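Here is the structure we will look at.
Bear in mind these aren't lab numbers, they're just calculated from the coordinates by the rules spelled out. Every value quoted in this text rests on a predicted model; they were computed, and no experiment measured them. Cβ placement follows ideal geometry from the backbone for every residue including glycine, while neighbour counts extend to all protein chains displayed.
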Amino acid sequence: MTVQRTGATAEADLRRDYESLGERLARRGVEIDALKARAAAFGVAVPSWGVGTGGTRFARFPGPGEPRDVFDKLADCAEINRLTGATPTVSLHIPWDKADPAALRQTAAALGLGFDAINSNTFSDAPGQRHSYKFGSLSHTDAGVRAQAVEHNLECIAIGEAIGSKALTVWIGDGSNFPGQSHFTRSFERYLQSMQAVYVRLPGDWRLFSEHKMYEPAFYSTVVQDWGTNILIAQELGPQAFCLVDLGHHAPNANIEMIVARLIQFGKLGGFHFNDSKYGDDDLDAGSIDPYRLFLVFNELVDAEAWVEGFNPAHMIDQSHNVTDPIESLMTSAMEIERAYVQAALVDRPALEGYQDANDALMANQTLRAAFRTDVEPILAMARLEKGAAIDPVAAFRASGYRAKVAEERPAVAGGSSGIV
Ligand SMILES: [Mn+2]
């Protein structure tokens, strides 16, 4: 049992820790207040579906106070942002979050939230829709199914415009389970034609994100399976099309940070879906399995900030919370993502470049590890404190009684929607 430090004691402890870290960083030529300002400015979007308990193919075990609709989801997202100060935007998913756009916009504004990329869904059938996506959507062999999928994406753009989104994320489940089932070239050609029909209707200040995934739900081939196919899509469609990288959508041991670097180099990195995995697309909490990989991804992003004009990747959490309180998981994940960002900002880049040019492999690696080893928690906590968020968000959440309160207000509903892409 640890002693819970709260209030004035916690703040006094934090100020001492911050001062001490500031002294140590100053010896390395690093100004701690500048890092704190970067931490304070950092934000990652919360997916609306993440605040409901997730599940697996086998079962879902709902927790108390599950959100009943998009407005409950927004309330939970606001709680996450209130305590972390790091999640100012929400990413909606259509049709799960369909509601009056004016009401969505007003509710979000009242809660201090904005809207990030809007996500379409053509990987499952919505009640009452004319055609089924069982055998695909944007790449389907039937032109009627493809037209329906295109129309859905156009509807998502219209909803997004009404609520202030500036990007559409398209992930499809299209693929095949059997060798021979699909013609690789023809299905991809159909996909490109459908995406072109969406792309030409994109508002001028919007971005279109395509998200690749190696497998699942299709287990033999998927139409948008890897970053190679993804960059082809973005290059074929045009300057408003970008690649979205979900950390769980690669083969085991893939060098994701290098994929990130390549996409940046050719101006096609759109953003991320953050999560973590041990075996496949596990959708575990960001930074819970391999925080070093998360840091290495941010190392590329921070490097790019220095030389890519207008560099502005969209960051979103995309996880499934099966055994934790989703609000607690999303808060800790947002903080882990921000931690990796601040650690990456600590990398001594001139020194690193010197070691790279001199082929000093050991010192180059040590330069990265010196940043990764630095405990930047006082920087993150001070940034939170100064913006009125919590020094320790999870402790504050548990002390707030929020979960018990919403559990009373929100009777359990059968089969509440939750999903993960
Ligand atoms: Mn994703």
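For the set Lys98/Lys166; Lys73/Lys268; Lys36/Lys268; Lys166/Lys268, the pairs lying more than 22 angstrom apart at their alpha carbons are Lys73/Lys268; Lys36/Lys268.
Please list, or write none, the lysines whose alpha carbon is within less than 18 Å of the alpha carbon of Lys278, excluding same-chain residues fewer than 8 places away. Lys278 reaches Lys213. Protection proxy ranking of 380-387, 400-407, by the mean of other Cβ atoms within 10 Å over each peptide's residues and highest first, is 380-387, 400-407.
Put the Cα centre of the stretch 254-269 next to the Cα centre of the stretch 5-50 and the gap is 29 Å.
Between Leu284, Leu362, Leu104, which gets the highest mean-square fluctuation from a Gaussian network model of the chain, Cα cutoff 10 Å? Most flexible of the set in this elastic network: Leu362. The order of Asp276, Asp174, going from fewest to most other C-beta atoms within 10 Å of their C-beta, is Asp276, Asp174.
Could you compute the FRET efficiency for Glu236 and Gln129, with r as their C-beta to C-beta distance and R0 at 30 Å, rounded to 0.05?
Values: r = 28 Å, r/R0 = 0.92.
That pair, Glu236 with Gln129, gives E of 0.60.
How do the peptides 306-318, 145-157 rank, highest first, by the average count of neighbouring beta carbon atoms within 10 Å per residue?
Working: 306-318: 15.9, 145-157: 20.4.
Highest to lowest by the protection proxy: 145-157, 306-318.
The spacing between the stretch 72-111 and the stretch 294-315, judged by their C-alpha centroids, is 26 Å. The packing ranking of peptides 342-354, 38-50, highest mean first, is 38-50, 342-354, where packing means the average number of other beta carbon atoms within 10 angstrom of each residue.
Once the Cα-Cα distance is subtracted from the 0.36 nm per residue extended length, the Ser400 to Glu155 segment shows a gain of 84.3 nm. Radius of gyration over Kirkwood radius for the chain, both on Cα atoms: the Rg/Rh ratio is 0.97. Taking every DSSP beta bridge that has both ends in the stretch 178-294, the antiparallel portion is near 10%. Of the DSSP H helices in the chain, those with a Cα length along their own long axis of 20 Å or more and a mean Kyte-Doolittle hydropathy reaching 0.5 comprise 143-163.
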